[in-house]
Amino acid sequence: MASLPCSDHTAAIQEMVDGTLGAIRRSELELHLDQCDGCRALLKDLQRIRDAAGSLDRLAPPDRVWLQVAGRLRQEGRIRAAHTRPVTSRRPYVLTALAATLLLMIGGSVLFLLPATRGARQAATATGAPASPGVQPAAQVQGNAASKDAVQEGIEAEFRLAEQHYQNAITKLEEAARSSEDSIDPQTAAMLQKNLQVIDQAIAESSAAMRSEPTSVTARDSLFDALKRKVALLQDTIALMNEMRKGNAAGVAQLVDGVNKG
Amino acid sequence: MAPSKITVHPSAARSGAPADRGAELTLVERCRQGDLGAFEELYRAHSGRLFSLLCRMLGNPTDAEDLLQDAFLAAHRKLDTFRGESSLGTWLYRLTTNLCLDHLRSRAARTSQVTDTLDDEPRLADQASRGLAERAVNRMDLERALAQLPEGCRAAFILHDVEGLEHREVGEVLGIAEGTSKSQVHKARLRLRALLG
């Protein structure tokens, strides 16, 4: 057993561990520590405890916590509609899709036409002839035709990426919902299941329409609308499970009401 | 002497320069306007340290998840009251710690558990005479010992020694004087020494 620390030096030892002990008191304490095993042992132990405390791991909350928070905020109408509310009108989405399409077309055309122009200029330099801005070389006409296909492919790739983003979110939400599905009562579970089936059906129909008509804005609009509704419903489901687990009857009633209005 | 954790701790950025404070206020303003993306940014920046605090205070990750959710919902409701006088991190710590202490008190009341207070502490310096005998402190042992501390000094210890807040900030978060924070942290360390020895 180590000898006891001196009670009149304990405060100074703690301040030394805190790093707040002034120079004079620190010198005095160091003189004392040279002679006192108990105080030296106390200082070492407290430093070890502080070092160990500072090295404790930062714990990360599971993803479902954020999903529950976002679901509740949306449910309580405390966030701007554009971010999470299911799209009830197609107009905003159509405008966004048009804007995205225009941007891609403009960006794609510029990017695609640049090499063609540069090629014509290089060819003109090689032959010594100036590249006339008023006359389109044959290579440039072909380049423009090819650019349309590329732009179209680019748009489709963007949409595929966006669809994948939704599908990934849905997968994560489904995993989170499955992890605590026991907390939900059978009647509510059946109602949620029914709503999900309706949305899944809409997703399947929109996907089929997309396959038969890949450039249809209406089909894309429907598909993304359905995917957004599924994300929103899954967020509500998780929030509902959480409220049921906590026994918050008022929160449950509010969420069930929202889901029913869906 | 151990290197001062405060100089390297992430909390150094928390109390921040005026530019950081300006960025915080901008972020808060976006959250107030209902921008979910902004609130997710705020959540991602602070949820880790708040969740760690809650897990260690409550000793139960399920309760910690529930309270973390409650804390962020409460934060969203109270964003109008955030004036930027303290950092956003300190404001969130205060809000979360208050929720956590309320929860612990109601849990104690439900189970008729009597939590000991620091005034009832035995003579800690005497108890700690066992010491650690040159042993390193195992982190698992430390987590277990932390759970045995009275809630007041546990909160102060976690905020100061684990999370790296200064005593002044701990005082702000817990609504106590800076000197009281020092006293709580110091007593927590002595008690931990006794528990680990």
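Scanning segment A:14-32 for residues that are within 22 Å of B:F157 (Cα to Cα) and touching a residue at least 24 places away in the same chain (Cβ under 8 Å) yields A:Q14, A:M16, A:V17. Checked against (1) within 46 Å of the chain's Cα centre (by Cα); (2) at pLDDT below 95; (3) in a helix (DSSP H, G or I), A:I49 passes all but condition (2). Taking the conditions exactly as written (more than 7 Å from chain B (Cβ to nearest Cβ) and either surrounded by fewer than 17 Cβ atoms within 10 Å (Cβ to Cβ) or modelled with pLDDT of 90 or more (or both)), does A:L95 satisfy them or not? Spelling it out, A:L95 is indeed more than 7 Å from chain B (Cβ to nearest Cβ) and either surrounded by fewer than 17 Cβ atoms within 10 Å (Cβ to Cβ) or modelled with pLDDT of 90 or more (or both). Does B:S47 meet the test of being out of contact with any strand residue (DSSP E or B) (no Cβ under 8 Å at 6 or more places or on another chain) and under 18 Å from B:A155 (Cβ atoms)? No, not satisfied. Residues considered: B:H46, B:H76. Of these, the only one that is more than 9 Å from chain A (Cβ to nearest Cβ), touching a helix residue (DSSP H, G or I) at 6+ places or on another chain (Cβ under 7 Å) and modelled with pLDDT of 95 or more is B:H46.
Could you list, in sequence order, all residues of segment B:46-84 that are under 22 Å from B:T26 (Cβ atoms) and not in a helix (DSSP H, G or I)? Result: B:F82, B:R83, B:G84. Checking each residue in segment A:45-70 for being buried (at least 17 other Cβ atoms within 10 Å of the Cβ), at the interface with another protein chain (Cβ under 7 Å from one of its Cβ atoms) and of a type in the set (K, R) picks out A:R48, A:R50. Within segment B:31-52, identify whether any single residue is surrounded by 16 or more Cβ atoms within 10 Å (Cβ to Cβ), of a type outside the set (K, R) and at positive phi, and answer yes or no. Yes.
The values are calculated or read from the model by the stated rules, or taken from the named source; none is laboratory data. Keep in mind the model is a prediction, meaning the values are calculated, not measured. When we count neighbours, we look across all protein chains shown, and the Cβ atoms used for this are built from the backbone with ideal geometry, even at glycine.
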